[in-house]
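Q: I'd like to ask some things about the structure below.
The values are calculated or read from the model by the stated rules, or taken from the named source; none is laboratory data. Bear in mind the structure is a predicted one, so any value in this text is a computation, not a measurement. All Cβ positions, glycine included, derive from the backbone under ideal geometry; neighbour counts span all protein chains shown.
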Amino acid sequence: MSAHAFRMQLKPGTVEEYRRRHDEIWPELAELLSAAGIYDYSIFLDEETLALFAVLKLRDENNRDALPEHPIMKRWWDYMAPLMEVEPGNRPREWPLVPLFHLD
């Protein structure tokens, strides 16, 4: 098991729509993420900067690296692209976060 944390960026005026879309996450996307070895996935919002901070756990046997090529993932990114900063192909821009402290 390992943890992965990163930052993403929302565009102004999109917080409620972002929340709504995640409250209604597609079942096939949730299944895809779980099958890829992702679990305990949370996204937090800094309301002042509209920065999103995501933390997820990865099972030792995971295939997270294959997700960008999966049609469901690409469709979700296309769906979310109007709300956030994205790379070419609509993958959300991610800035990795460096772990500095952990307490079990």
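Q: Among the numbered criteria (1) touching a strand residue (DSSP E or B) at 6+ places or on another chain (Cβ under 9 Å); (2) without any contact (Cβ under 8 Å) to a residue 60 or more places away in the chain, which one does TRP95 miss?
A: (2)
Q: Hey, can you tell me all the residues within region 5-59 that are part of a strand (DSSP E or B) and either touching a residue at least 60 places away in the same chain (Cβ under 8 Å) or touching a Gly at 6+ places or on another chain (Cβ under 7 Å) (or both)? Before you say what the answer is, go through the steps one by one.
A: Narrowing region 5-59 to residues part of a strand (DSSP E or B): 5-10, 38-46, 51-58.
ALA5, PHE6, ARG7, MET8, GLN9, LEU10, LEU58, listed by residue number.
Q: May I pose another question? Across region 46-78, which residue is surrounded by the fewest Cβ atoms within 10 Å (Cβ to Cβ) among those that are small (Gly, Ala, Ser) and within 20 Å of VAL98 (Cβ to Cβ)?
A: The initial filter retains those residues of region 46-78 that are small (Gly, Ala, Ser), namely 51, 54, 66.
Applying the additional criterion that residues be within 20 Å of VAL98 (Cβ to Cβ) yields 51, 54.
Numbers: ALA51: 14, ALA54: 16.
Going through the qualifying residues, I end up with ALA51.
Q: Go through region 64-77 and give me each residue that's farther than 21 Å from ARG7 by Cβ and either at pLDDT below 95 or part of a helix (DSSP H, G or I) (or both).
A: From region 64-77, those farther than 21 Å from ARG7 by Cβ are 66, 69-72, 74-75; that's our starting set.
Those that are farther than 21 Å from ARG7 by Cβ and either at pLDDT below 95 or part of a helix (DSSP H, G or I) (or both): ALA66, GLU69, PRO71, ILE72, LYS74, ARG75.
Q: Scan region 14-45 for residues that are farther than 17 Å from PRO71 by Cα, surrounded by 12 or more Cβ atoms within 10 Å (Cβ to Cβ) and not aromatic (Phe, Trp, Tyr) and report the count.
A: Qualifying residue count, region 14-45: 9.
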